[in-house]
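Structure record follows, encoded as structure tokens.
Quick note: the coordinates plus some simple rules give every number you see, no bench work behind them. This one's a predicted model, so the numbers in the text were calculated from it and none came from an experiment. As a convention, Cβ positions derive from the backbone with ideal geometry for all residues, glycine included, and neighbour counts pool all protein chains shown.
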Amino acid sequence: MSPSPRGRTPSGLIEILRLFTVVFFAGLGYETSRFFDDRGHANVLGPFNGLAIAIIVGSGLGYVVGGIFGRTIAATADRTEVALREVSADTLVAGALGLVCGVITGAGVAWPLFFVPDPLIAMPLFGVVVAVLGYLGFRVGSAKRDGVLAMFGGRAGVGPRDAAPSALPQVIDSSVAIDGRILEVVRAGFLHGRMVVMQPVLDELQGLADAGDPLRRARGRRGLEVLTALQREPVVDISVIDDGHPEIPEVDGKLLRSCLDLGHALLTLDTNLAKAASIAGVRVLNLHALSLALRPPVVAGEDVLVQLIKAGREPGQAVGYLDDGTMVVVERGRRMVGRDVSVRITSVVTTANGRLVFAHPVDESAVPARRAESK
């Protein structure tokens, strides 16, 4: 049999399903004839007796019904294959475990069918019950993926999907409190839930606030004010916990040890601490990495190549766009509309509608010639 195209059920499977259906209806016709006519051995139509006619009629009916049944199953299998392409591996593992449980349950429920005298009727019915409960088991196992993997993970070698660091309670580092940008991140809805402040972090901020150096004192007071403001945010639940590891002298070490013991994530701005935490197995939320990810695509003083596509609002201005759609307003560039121009960024302005970049041509004499229009 030649392999079938991707996404289509081979015709051989349809014929196998039709064969089983023919056998079932033939057995059903045989038993029906025996039930209504104990003299089924007498000839009824030429050389055929009642049992033979019943088997022939049942086989024909089974051939028709089997074709419909086979095509329906094949179409369902094709749709299932397409759907499973987008399903993750852990969901399939959980579904397979549910399938096994469903098959075992179906076999336990359907075993009394073997008391039926004719196996041609008992076996297909047994297979239907097992198949239906197996399918239900797969669907339930897939839907309850995390719970199923948690039950069987130790034996199957798999476990439930890890929660995202942002979904875990977060232990706040002193650098986050001193920086203060966490307030804007929380108010924007990117951080929420339970946040934990360890007593050693509070002691560190208090020590800075009482320092003789004005700069250190200002940093400590700012950190305490940020934590106070966080307590008033409705989407955040701030709690203070005691030092659970007094034997560790460094505050950073206490933070890492507590995160590992409690299963919390570390919220920090210290890149070196974030690297050490990752090596130790701690889930990390690095606000410094977030700020780098959200930085403007260009900065003042950088030279970029922009295609000027139209004139600007002000005299002499031209407008182009970066690859991400950021608008670039080029001073003294109107006469170069339609060209790729090397411009130098002078400023980047953030507005309510996004970023707006201002620039001017780097070297007007080096501007490439106008693109030739297609004839």
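Assuming 0.36 nm per residue, please report the length gained on full extension of the stretch Q231 to V132 beyond their Cα-Cα distance.
30.3 nm
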*Where only alpha carbons of region 165-293 are counted, the Rg and the Dmax (Å)*: 13.8, 39
*Given a Förster radius of 25 Å and the C-beta distance between E314 and L294 as r, what FRET efficiency does 1/(1 + (r/R0)^6) yield to the nearest 0.05?*
0.30
*asked:* At a 10 Å Cβ-Cβ cut-off, how would you order S142, S175, fewest neighbours first?
replied: S175, S142
*Taking 0.36 nm per intervening residue step and subtracting the Cα-Cα distance, what contour gain separates Q307 from W111 on full extension?*
63.1 nm
*asked:* Can you sort S258, S174, S166, S239 from fewest to most other Cβ atoms within 10 Å of each residue's own Cβ?
replied: S239, S166, S258, S174
*With r as the distance between the Cβ atoms of R181 and R221 and R0 = 22 Å, compute the FRET efficiency 1/(1 + (r/R0)^6) and round to 0.05.*
0.85
*Which of H360, H264 comes first, and how do the rest follow, when ranked by fewest Cβ neighbours within 10 Å?*
H360, H264
*asked:* Quick check on region 243-324: what does the Kirkwood estimate of hydrodynamic radius come out to from the alpha carbon pairs, in Å?
replied: 16.6 Å
